[in-house]
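Only one structure is covered here, and it is reproduced in the block below.
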Amino acid sequence: MRRNVPTNTAVGTALHKSDLFELNDKYSACPVRVSEYEINGSKYKVHSHFAGEKDIDDVINNIATAKALSDVLISAA
């Protein structure tokens, strides 16, 4: 089952202006959410584009597995 899940396209990559324009065109029809965060007095805006390119079942399974593993390791320590 595929549902809209945010895809982070910019993490770990150096983007050029032309790349940003291409990404803007590619995802212009997708729903967008803008969130503002304040960290240590600096304000940041995060633009999340919901491109639907991830399988929600895999994402939830990976998050649940990581949480369960960390809970077991913490309780065993």
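Please go through segment 31-61 and write out the GluC sites (Glu not before Pro) that DSSP classes as loop and that have at most 14 other C-beta atoms within 10 Å. If you can, show how the numbers build up before the last one.
Details: sites: GLU36, GLU38, GLU53; in loops: GLU53.
Taking segment 31-61 and a limit of 14 other Cβ atoms within 10 Å, the loop GluC sites (Glu not before Pro) found are GLU53.
With the dipole of segment 11-77 worked out from charges on the C-beta (+1 for Lys and Arg, -1 for Asp and Glu) around the Cα centre, which of SER35, ILE63, LEU73 lies farthest toward the positive end?
Result: SER35.
Roughly how much of LYS17 is accessible, in Å² to the nearest 10, using a 1.4 Å probe?
We get 150 Å² for LYS17.
The values are calculated or read from the model by the stated rules, or taken from the named source; none is laboratory data. Here the structure is a predicted model, which is why all the values come from computation and not from measurement. Reconstructed Cβ throughout: ideal geometry from the backbone, glycine too, with neighbour counts over all protein chains shown. Note: areas computed on protein heavy atoms with side chains; ligands, DNA, RNA excluded. Shrake-Rupley method; radii C 1.70, N 1.55, O 1.52, S 1.80 Å.
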